[in-house]
Each structure stands twice: as structure tokens, then as C-alpha cells.
Amino acid sequence: MNDKSSNKSHFPATLAQHAIVFITVVLVSFLATGLFISSNLSGSPIEEKRALLEERIKKTEKEREKLKNEIEKLREEISKLEKKATSESEGLKELQERLNDLRFAAGLTAAEGPGVEIVMSDGEVKNDEIVPEAYIVHDSDIRAMVNALYAAGAEAVSINGERISYVTAIRCVGPTILINSKRMSSPFTIKAIGDPESLERGLVADEVAGELISNVFPSYGIKFEVKKKDKVEVPSYSGGISLPYAEVVRSK
Amino acid sequence: MIWVIIIMGFASGIILGTVFKVQIPPVYAKYIGIALLASFDSLLGGLKAHFEKSFDEWIFITGFFFNAIAAGIFSYVGDRLGIDLYIAVLIVFGVRIFRNLGALRYYALKSILPRNK
């Protein structure tokens, strides 16, 4: 159909009509392409659901990260305001110092001091006959290390930048390890503040950790390294600190 | 002329879609697919009207969007109620698409073969 004959034989094609046709065709093919691409990526409804959940998890994690930063900022602001408010009175100043000490003890402030740094990472699967899970670092391995460190007098411990607080759990979630509601995977860097000598000795001497270090890790190729350090920095705990059920026992 | 516009439209739509990698969330994929079916039918209907010299841009554009949105909502409501209403939409627009295609074939043949005039 060429221009003139179509103009004569068909409706008088105006620019507006052409534009409308063009836009609608673009719209239809644009969306159709989108559908095509999307359906190529996720096949079955189960996979679709999974992708959806994944998306939601990622979004929530991002949101949580943002809120965490906010908590940290607000905590800093609080201590600044406290300092300002208590600078006038001696008694308040003392209280403020005590409060800061308690915050430090509770792990709400970053800490530094001598200590050790442990790096653990997954081994490579060498033997197909052994389950592949044997070659990876488990939550129980990390728990054993943390426990041994505390037993040897560690004062502050963090794993991949997550401070172990009084409410921190180390648990396995699928292929990752969840600490302070943050997912992490190999390699794991455990930092502990304490006497470096006794921390290192304590790791080897601990029943569970020692067994892991001397027998289990070498035989599965899991890399494990302890370094004594003059200065280790452990970040603050930035999770929530509300304890809705526990109450202070007021004894007379 | 109309064919040039249609082909150009399709080409730019597909290119735009590929370049921007539009990701349609799986939940909405079905409803958008249904809506697309309806709008595709509107496109064919418009083309048919073009050959019948009865094309009206307002009828076309309202039909295009109204049918698409109505089809999407229809199937969404059906899913909510547990009724496969989208099948009704599928059949209605499927049949219409084939009818429109048939009419278009008729007009195309008529313009190609002058002896049928």
C-alpha cells in the first residue's frame, strides 16, 4: 500500500491518527518484550515465587541496613546531647561517665585493644564420597571459636564486622550464617580483644575448638589462621537493644 | 504508510523493551499478558476499521485502553474470587483476534488481487 493510493482509498490519515497507532503499537510491543524477557528468566511458578521472595528479602535487608545506620547515628547524637546536658553539673558528669562505661561494657561502643584475628574460609571439595557440607565452615565452628575466645578471657568479639552482644545468636540459615540478623558467608574474620597469648592458647586448649583446629579443619582443607595483634578494632553492636520481657529485679 | 508506522512501532517497542530490559514482576505477568491480548485485538480492530474507512481515533484509543484495563481487572478479580475468569477474556479476545485477522486477510487479498474488486 503506498501513500497516495492509501490516502485516496482509505480514510484521510491525519498525523494524530498515525501518532496514536504508532504509540499504541510501541506500547504493545514494549510490554510484550518485557513479558518475553521476564518469562525467560523465571520458568515455573515456584521459581517465580522464589524470585519474588528473594526480591523481598533483598529489599528488607537493604532497609534494615539503612535503619541500622540510623540507629548508630542516633546513638551518637544521644551521647553528644548527653555530654552537652551534663557538662554543667559534676554529679551528672559522673553519671554520664558511668553510663558510658556501661555502654562500653554492653558492646554499644566500638572497642580497640590487643587481641587476635582469626580468619576461617571454606575448603575445596576434594573427595566426592564425602558430603560437600564437610568442607565448609559451619555456624557451630564459629560458635566453638567464639566460645573458646570468651572462655580465654576475650572482652569484645566481632565476626565479619558484627559485634557479639548479649543477645547475639550465631546460626545457620541455608547456605549462609546469620549473625545479628546479617547474613554472611566464608571467609569469616573473627576479631577478639583480650590478652593475645592467652586467647591463642585458649583456642587450642578448648575441647571443641582445639579438636576442630588440630583435626577437623586440616583434614577437610578448611583454612584457619590465628594472628596475634597489638591492636584489634571491634565495631559497636548496632542492633536493637530493647528487652520487652525482662525487667530489673528490685530487691530490698 | 500505515504499514510503515506499524512496523516501525513494533521495532522501536521491541528495541526499547530489550534495551531497558523491562522486568515485569511475575505476579503481574499474567494480567499484563491478558491486557496485551486485549490491546492486540484493538490494534487489529483498528487496522480493520482502517480498511473499512471507518477508523475513528477516539473509538480506537478508548477501546485500546478500556479493553486492556478491563481485561486485566477482569482476570485479577477472577483470581481473587477463585474463578478462572481470565479464560473468558482469553476466549473472547482470542476469537475476536482471529475474526479480525480473517477480515484483514480479506482486505489484503482484495487489494492485491484486483479481479476480486
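The table for this structure:
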| item | result |
| --- | --- |
| Selection within the stretch A:208-230 - open to solvent by 40 Å² or more (accessible area, probe 1.4 Å) and in a helix (DSSP H, G or I) | A:208, A:211, A:214, A:215, A:216, A:218, A:219, A:220 |
| Subset of the stretch B:76-117 (residues that are modelled with pLDDT of 85 or more and among the small types (Gly, Ala, Ser)) | B:78, B:82, B:88, B:94, B:102, B:103 |
| The stretch A:84-122, subset outside any strand (DSSP E or B) and β-branched (Val, Ile, Thr), residue farthest from residue A:234 (Cα to Cα) | A:86 |
| Test: residue in the stretch B:105-116 that is over 12 Å from the mean Cα position of the chain (by Cα), under 26 Å from residue B:3 (Cα atoms) and not in a helix (DSSP H, G or I) | yes |
| Residue within the stretch B:39-55 that is among the acidic types (Asp, Glu), under 20 Å from residue A:14 (Cβ atoms) and at pLDDT below 90 present | yes |
| Single unsatisfied condition, residue B:43 versus (1) in contact with a helix residue (DSSP H, G or I) (Cβ under 6 Å, 6 or more places away or on another chain); (2) surrounded by 16 or more Cβ atoms within 10 Å (Cβ to Cβ); (3) within 9 Å of chain A (Cβ to nearest Cβ) | (1) |
| Flag if residue B:87 is among the β-branched types (Val, Ile, Thr), under 25 Å from residue B:27 (Cβ atoms) and not in a helix (DSSP H, G or I) | no |
| Leading residue by the ranking (nearest to residue A:48 (Cα to Cα)) among those in the stretch B:1-50 that are more than 16 Å from the chain's Cα centre (by Cα) and either assigned to a loop (DSSP other than H, G, I, E, B) or touching a residue at least 60 places away in the same chain (Cβ under 8 Å) (or both) | B:25 |
| Residue ID - surrounded by the fewest Cβ atoms within 10 Å (Cβ to Cβ), chosen from residues in the stretch A:231-245 that are at pLDDT 90 or above and among the aliphatic types (A, V, I, L, M) | A:232 |
| Enumeration of residues in the stretch B:9-26 that are at the interface with chain A (Cβ under 7 Å from one of its Cβ atoms) and either within 17 Å of residue B:71 (Cα to Cα) or among the small types (Gly, Ala, Ser) (or both) | B:9, B:12, B:13, B:17 |
| Residue among A:68, A:62, A:80 that alone is part of a helix (DSSP H, G or I), away from chain B (no Cβ under 14 Å) and surrounded by 13 or more Cβ atoms within 10 Å (Cβ to Cβ) | A:68 |
| Selected residue (only one of B:60, B:74 is crowded, with 18+ Cβ neighbours inside 10 Å and within 8 Å of another protein chain (Cβ to nearest Cβ)) | B:60 |
| So residue B:95, is it open to solvent by 40 Å² or more (accessible area, probe 1.4 Å), over 18 Å from residue A:29 (Cα atoms) and more than 11 Å from chain A (Cβ to nearest Cβ) | yes |
| The stretch A:107-146 - residue that is touching a Pro at 6+ places or on another chain (Cβ under 6 Å) and over 16 Å from residue A:192 (Cα atoms) and, of those, most open to solvent (accessible area, probe 1.4 Å) | A:125 |
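The values are calculated or read from the model by the stated rules, or taken from the named source; none is laboratory data. Remember, it's a predicted structure, so these values are computed and weren't measured experimentally. Cβ sites come from the backbone with ideal geometry, for glycine too, and all protein chains shown count toward neighbours. Heavy atoms of the whole protein, side chains included, go into the accessibility calculation; ligands, DNA and RNA do not. Shrake-Rupley method; radii C 1.70, N 1.55, O 1.52, S 1.80 Å.
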